[in-house]
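Data first, discussion second: the structure below is written as structure tokens.
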Amino acid sequence: MKLYTYDAAPSPQRVALYMKYKGITIDTQQIDMTAGEHLGDEYRAIVPDQTVPALVLDDGTVLSEVIGIIAYLEALYPETPLLGSTPLEKAMITSWNSKIYSMLYSSIADALRNTSPGFKGRALPGPLDLEQIPELAERAKIRINWAWKELNRELAKRQFIAGDKFSFADIDLLVAVGFSGWVKCKPPEELTRLHEYITRATAELG
Ligand SMILES: N[C@@H](CCC(=O)N[C@@H](CS)C(=O)NCC(=O)O)C(=O)O
């Protein structure tokens, strides 16, 4: 199998941190997003979604959703589980993965892509070219700030976001914290539980 990725981008970072934590190595090719390589014919022929990361399996199957890539790798490398072991752990981690995606990734991406000149005409990732809607960026910033408060409240209940063990949902959240810096919406200092959590979860990554 082969992984197409771009180290500087947040979705690829989620896969990279997972692989590092698990000690997995895969034949990897960087797709230079700044040069628009992901939009070129060559990459589109391999990955019609035109996004990174993408894992191409030996039978030609293309996995272009981060959670699909992680589910596949987790089944191949079950040691040190990061998607949970018990039914409850699995349900909690999957739920938080989805929540963090909608609360944070989609709103941070909206804030970035609806204002940045580099994303003019490309307000969403993927093959559909759409114009920017600056009002969506304003709404997105409200959603991001609300998400930090919600997460700070949730973290009163648990050590890690989906339970008392470090999981892939924590990788999702740590990468989202970094990504939020791209739109100057990092978690406010006064959310102390969230900041303590960031320190604790980052330490797990070694
Ligand atoms: N469906 C993917 C989306 C991945 C995604 O949005 N990747 C971004 C990089 S972080 C991308 O490829 N963007 C393409 C573009 O900006 O045109 C997921 O699992 O989250």
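Some notes on this structure:
- Considered as a group, the residues in the range 84-118 that are open to solvent by 60 Å² or more (accessible area, probe 1.4 Å) and within 16 Å of the ligand (Cβ to nearest atom) include one that is modelled with the lowest pLDDT, and that residue is Gly118.
- Only one of the numbered conditions (1) open to solvent by less than 30 Å² (accessible area, probe 1.4 Å); (2) within 10 Å of the ligand (Cβ to nearest atom); (3) out of contact with any His (no Cβ under 7 Å at 6 or more places or on another chain); (4) not assigned by TED's automatic domain parsing to the domain that holds Leu173 is not met by Leu55, and that is (2).
- Odd one out for Thr25 among (1) more than 16 Å from the ligand (Cβ to nearest atom); (2) in contact with a helix residue (DSSP H, G or I) (Cβ under 6 Å, 6 or more places away or on another chain); (3) of a type in the set (S, T, N, Q): (2)
- Considering the range 89-108, the residues that are touching a residue at least 24 places away in the same chain (Cβ under 8 Å) and either aliphatic (A, V, I, L, M) or touching a Lys or Arg at 6+ places or on another chain (Cβ under 6 Å) (or both) include one that is farthest from Gly23 (Cα to Cα), namely Ser107.
- The set of residues in the range 164-190 that are over 30 Å from Gly118 (Cβ atoms) and open to solvent by 10 Å² or more (accessible area, probe 1.4 Å) comprises Asp164, Lys165, Phe166, Glu190.
The values are calculated or read from the model by the stated rules, or taken from the named source; none is laboratory data. These numbers come from a predicted model, not from an experiment. Note that we place each Cβ from the backbone using ideal geometry, even for glycine, and neighbour counts take in every protein chain shown. Heavy atoms of the whole protein, side chains included, go into the accessibility calculation; ligands, DNA and RNA do not. Shrake-Rupley method; radii C 1.70, N 1.55, O 1.52, S 1.80 Å.
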